[in-house]
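The values are calculated or read from the model by the stated rules, or taken from the named source; none is laboratory data. Computed from a predicted structure; not experimentally measured. Cβ: placed from backbone, ideal geometry, glycine included. Neighbour counts: every protein chain shown. The accessibility values were calculated without ligands, DNA or RNA, using every heavy atom of the protein model including side chains. Shrake-Rupley method; radii C 1.70, N 1.55, O 1.52, S 1.80 Å.
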Protein chains: 2
Amino acid sequence: MRDEVKATANGPNGDLSGRVIDGPTNPMVTPLLTDLYQFTMAYAYWKAGKHQERAVFDLYFRKNPFGGEYTIFAGLEECIRFIANFKIAEEEISFIKQCLPPSCEDGFYDYLREVNCSDVEVYAIPEGSVVFPKVPLLRVEGPIAVVQLLETPFVNLINYASLVTTNAARHRFVAGRSKVLLEFGLRRAQGPDGGIGASKYCYMGGFDATSNVAAGKLFGIPVRGTHSHAFVSSYMSVDEIAEKSLRSSDGSTTCEDFVSLVQSWLGKIQRSKSLHGIFGETNLSELAAFTSYALAFPTNFLALVDTYDVMRSGIPNFCAVALALHSLGYKAIGIRLDSGDLAYQSCEARKFFYSVENEFGVPDFGKTTITASNDLNEETLDALNKQGHEVNAYGIGTYLVTCYAQAALGCVFKLVEINNQPRIKLSEDVSKVSIPCKKRSYRLYGKEGYPLLDIMIGEYEPPPKVGERILCRHPFSESKRANVVPQHVEELLKCYWPGLSGKRREELPPLKALRERCMEQLGQMRPDHMRRLNPTPYKVSVSAKLYDFIHFLWLNEAPVGELE
Amino acid sequence: MRDEVKATANGPNGDLSGRVIDGPTNPMVTPLLTDLYQFTMAYAYWKAGKHQERAVFDLYFRKNPFGGEYTIFAGLEECIRFIANFKIAEEEISFIKQCLPPSCEDGFYDYLREVNCSDVEVYAIPEGSVVFPKVPLLRVEGPIAVVQLLETPFVNLINYASLVTTNAARHRFVAGRSKVLLEFGLRRAQGPDGGIGASKYCYMGGFDATSNVAAGKLFGIPVRGTHSHAFVSSYMSVDEIAEKSLRSSDGSTTCEDFVSLVQSWLGKIQRSKSLHGIFGETNLSELAAFTSYALAFPTNFLALVDTYDVMRSGIPNFCAVALALHSLGYKAIGIRLDSGDLAYQSCEARKFFYSVENEFGVPDFGKTTITASNDLNEETLDALNKQGHEVNAYGIGTYLVTCYAQAALGCVFKLVEINNQPRIKLSEDVSKVSIPCKKRSYRLYGKEGYPLLDIMIGEYEPPPKVGERILCRHPFSESKRANVVPQHVEELLKCYWPGLSGKRREELPPLKALRERCMEQLGQMRPDHMRRLNPTPYKVSVSAKLYDFIHFLWLNEAPVGELE
């Protein structure tokens, strides 16, 4: 095991409340979880005596995912947990030595032994915020060799976290607030902690619960689950059920033969005029499985009804068991549909439930919960809405957790200043030119309370003020500019790791609070930015002064060619 | 920390060589890394006294990914490591208790305390094999409650592993055997072990090295890396370089001012007639960065040349440093291109290198390695091939590791038999109907040595024999059938976890051997199955007897409806 080094309350980066900051959730997140070039560069910096030079890096993305115009920022807490415990263990140093040429000097490894993040500063937008392209999510300052070592783990920890949180928020948006959203993606996720991360961040993005038990334990997310098709097909007949008795809900009586009770209800349903003709014989292994499940979970009876045939077997079998439970004072929870035409089936099931309510006088039976699953995504949820459906809850897996519609967010980590000198990275592709300088960012709000735009300014420029007009310019386009008089101004970057600056460190809120922040931030946005189709882009700008400086530096750094 | 329980050589599942089987690579892979419904079902089985019933499950996928007609099977070793150490810790049991209704009986938790995989049997196709839809990758047998607990982790561990290995193999196929393939995906992967898994499985699928240091350490994969754009832009001028001396390669002399040597070579390049006109002034911060990097790594000089302008700055700066190194007896490795038109730039760079070779009489300078990166994928590699290029090595990240073209493989785990009774899962979608029965699978080879098809047969049917005709039927289509006379017959499922069966357990080969198996298996396939566009589907069949039985069971289980 690697050495564990914890930040303590006594150190400059200690938690103000005296708490130790735990390491990353995944113990595989170590200083070696980085690209080799971070170490080769560290060596070259060290060899040139440049390793302690103070550098400023911005972490940002260039384009919103999923064809949308917003992103949710997530992954910050894991980054802070990583740097709070950053220490290269001896066996890790041995391995780095194997990876570098033998000519590398030993003094470098002595340097690596001492490296930690006590003189690094991290400023970040709060986790769970709505964020936009080009605006730094993190600004990381510190000795260049150390900050470079953080690049790969930071980008790794933020990219997928932000992507899947955004995906979850988009699913919530299209499903609507009233639906229950369950994350069922563990088995299809990209590896074990792809699954665990998905569960955490989908909850942050607005899901209600997960099927993933490990994530429930790690993060306190509500966990849900009932049974699979295999459970249904593992039964051959009700004869397999040995223990048939069930106490009534209030404990007053015991039904000695719950199986017969179910069978008698099935008979009543089959003989009922209003329900007649919808089915003939139901599948008896399915009936046995449902009965057995109800005996195990009389207070939590939810049945998967599509193993054989939804309308001809699953629904009537479910109703027979649910009515038997009802006669003992229990209330069945509902059904899950996992294949076929979910809109049609949910409507037919709802009709059937209301018929049962009327036929047998069971109050609220019509409102029995219908959960739908089976390769759901934004598009299929939208299609269900258009078709009309009776689904109350969705279980969403593959498309949600793998972010199938766009499997990566392209966060980058760019040097913007070194030794107080602004730096720029040019590119033939203008969208890839970096915005130089150590910057501050602000969100400006308008009269109606909506955010109007984000603006980046140089560190020493005066911040935007409420009621004062400020010129906001597109960072790269000459003609795009707007005067704004903000009604409210919010500084975006807060100090999450003060290094030696003596600043107050922001607390890392619990997951539930991040989820609430996310919901609140989404609710605050002007609706046209949030549309699924053709949303209005949210404006991201720079001050006039920063604009001029970017273009001065650009011209300065670009080599002058000779036209032939 | 959770309790660690290791299989030992003394137990029935011990390693024959006496070695202990380590736990999963990611310590987060615990018995809780599963869907809650596996535990609710376990309770219902236990409550019904059914939990010890012997069940057989098949793990398989339904469709090859990426529009192809083959898949590579990967993830098996992690599954075996998981079950070899399967034990539910006390704190995990407490959490399960919190997730289930309070009515659940305590005896169940006592049962969970004792659960392990000593009476589970796992048969699998060897890892690194070419595999096809519907044919079981794993057949898992054991007490139904235990085997169900394995479903989610097994599918999680196999889905992404097989998907990304297949993706890597496809990239290798289009790049060709002569190119060096480097996996650079860690920062864009879906979480930390998405990155670590990608590095492992891309190596298995035919990549040569990774940038991921942690993966290099864990799995012995070659690690590669040089420097980033930030390194280049962190330099302002050569004045920053304090230590300017460099010993010659043979140690015989020392150049006291390597910086001046580089500058003089840059002057020679600029004044050269054959190279003239291609550039004016190069970027001097870039020159400083390259010089500094060469001083740190004189034997490993590889420069990223697109920070400012490839042809007008990066290439001439690289050549100046490379020529200075050469005059001291070193050989520069090459350049990396990370933006723009890679085909055009690589050809121009190659021309420039040959001009340098001729102008200055440097042998083999024309053959300097050109590495390309920047959002590469199968399509862009194919386009580069069509355009003509001079790239020797590719660094591939985002599209490779996130499997952007198809972010999930839909592996499933289906009950096929319980208590020796075959079971089937029906569906309105025929492709989702499961193939019942405990089965054996065989790969039949033709005269030319290519695999002809895979066939599944019932456990007690006689296996296909070399030289004997066998009727092979499509599992669901009446009309699709073929007689085959195999020249070679290979049984696909081997015993990787014998449980109490007393069978010999197959060894888990090291990663390098899996990679070799994968390369060999891919090389063995008939080329038309491997094409990128419109590949021929490989046939997957069942015996005539199994075909009849599937359809008998299907009719038997489907409820009979009444047409209204």
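Find out how many positive minus negative residues lie around A:Leu59, taking Lys and Arg as positive, Asp and Glu as negative, among other residues whose Cβ is under 11 Å from that of A:Leu59.
Surrounding charge for A:Leu59 is +1.
How many percent of the accessible area of the stretch A:232-368 is carbon or sulfur, using a 1.4 Å probe?
That fraction is 50 percent.
Semi-axes of the stretch B:436-564's equivalent ellipsoid from the Cα gyration tensor, sqrt of 5 times each eigenvalue, largest first, rounded to whole Å?
Whole-Å semi-axes of the equivalent ellipsoid: 30, 22, 16.
For all pairs of alpha-carbon atoms in the protein assembly as shown, what percent lies in each bin of width 10 Å, listed from the first bin to the last filled one?
So the P(r) values, bin by bin, are 2, 10, 18, 21, 19, 14, 9, 5, 1, 0, 0.
Under a point spin-label approximation (7 Å from Cα along Cα-to-Cβ), what is the B:Glu516-B:Ser264 distance to one decimal in nm?
Reported label-point gap for B:Glu516 and B:Ser264 is 5.1 nm.
Please compute the net charge surrounding A:Ala175, taking Lys and Arg as +1 and Asp and Glu as -1 over other residues with Cβ under 11 Å from its Cβ.
+1
Working only with C-alpha atoms, what are the Rg and Dmax values of the stretch B:226-391, expressed in angstrom?
15.4, 49
Here is the link list: A:Lys179/A:Lys386; A:Lys63/B:Lys217; A:Lys244/A:Lys268; B:Lys50/B:Lys97. Which ones come out longer than 27 Å on Cα distance?
Pairs exceeding 27 Å: A:Lys63/B:Lys217.
Using a cut-off of 19 Å between alpha-carbon atoms, which lysines can reach B:Lys273, once sequence neighbours fewer than 8 places away in the same chain are excluded?
B:Lys351
Taking A:Lys545 as the anchor, which aspartates and glutamates have their alpha carbon closer than 17 Å to its alpha carbon, excluding any fewer than eight residues away along the same chain?
Qualifying aspartates and glutamates at Cα under 17 Å: A:Glu417, A:Asp454, A:Glu459, A:Glu461, A:Glu468, A:Glu478.
Note the per residue figure in Å³ for the convex hull of the C-alpha positions in chain B.
214 Å³
Between B:Asp306 and residues 5 or more places away or on another chain, which pairs have amide H atoms under 5 Å apart, with H built 1.01 Å from N, and which residues are they?
Counting only residues 5 or more places away or on other chains, the set is B:Asp338.
Using unit Cβ charges (K, R positive; D, E negative) and no other charged atoms, how large, in debye to the nearest 20, is the dipole of the protein assembly as shown about its Cα centre?
In total the dipole reaches around 1220 debye.
Mind grabbing the interface size between B and A? I mean buried accessible area, both sides, 1.4 Å probe, in Å² to the nearest hundred.
Rounded to the nearest hundred, the buried surface is 10100 Å².
Percent relative contact order of the stretch B:368-475, based on C-alpha pairs within less than 8 angstrom and at least six residues apart?
Dividing the mean separation by the residue count of the stretch B:368-475 yields 15 percent.
Averaging sequence separations of C-alpha pairs under 8 Å and six or more residues apart, then dividing by the length of the stretch B:226-391, give the relative contact order as a whole percent.
It rounds to 21 percent for the stretch B:226-391.
Find out how many positive minus negative residues lie around A:Thr254, taking Lys and Arg as positive, Asp and Glu as negative, among other residues whose Cβ is under 15 Å from that of A:Thr254.
With Lys, Arg at +1 and Asp, Glu at -1, the neighbours total -2.
Using label points projected 7 Å from each Cα along Cα→Cβ, tell me how many nm separate B:Arg271 and B:Thr369, to one decimal.
Modelled inter-label distance: 3.3 nm.
Amide H of B:Lys539 versus every other amide H placed in the peptide plane: which residues, excluding those fewer than 5 positions away on the same chain, fall under 5 Å?
HN-HN under 5 Å from B:Lys539: B:Asp454.
Taking θ = phi - 60°, what integer Hz values does the Karplus form 6.51 cos²θ - 1.76 cosθ + 1.60 yield along the stretch B:131-145, in sequence order, with x for Gly and Pro?
Each residue of the stretch B:131-145 in turn: 9, 9, x, 6, 7, x, 7, 10, 10, 10, 10, x, x, 4, 5 Hz.
For the protein assembly as shown, what proportion of DSSP beta bridges, expressed in % and rounded to the nearest 5, is antiparallel?
Beta bridges within the protein assembly as shown, antiparallel portion: roughly 70 percent.
Counting only C-alpha contacts under 8 Å and six or more residues apart, can you give the relative contact order of chain B as a whole percent?
18 percent
Label A:Glu478 and B:Lys503 with points 7 Å out from Cα along Cα→Cβ: what is the distance between them in nm?
Each label point lies 7 Å from its Cα, and together they span 7.4 nm.
Report, for A:Arg271, each distance to the same residue's label point in the other copies, shortest first and in nm; define the point 7 Å along Cα→Cβ.
When each copy's label point is compared with this one, the spacings are 11.1 nm.
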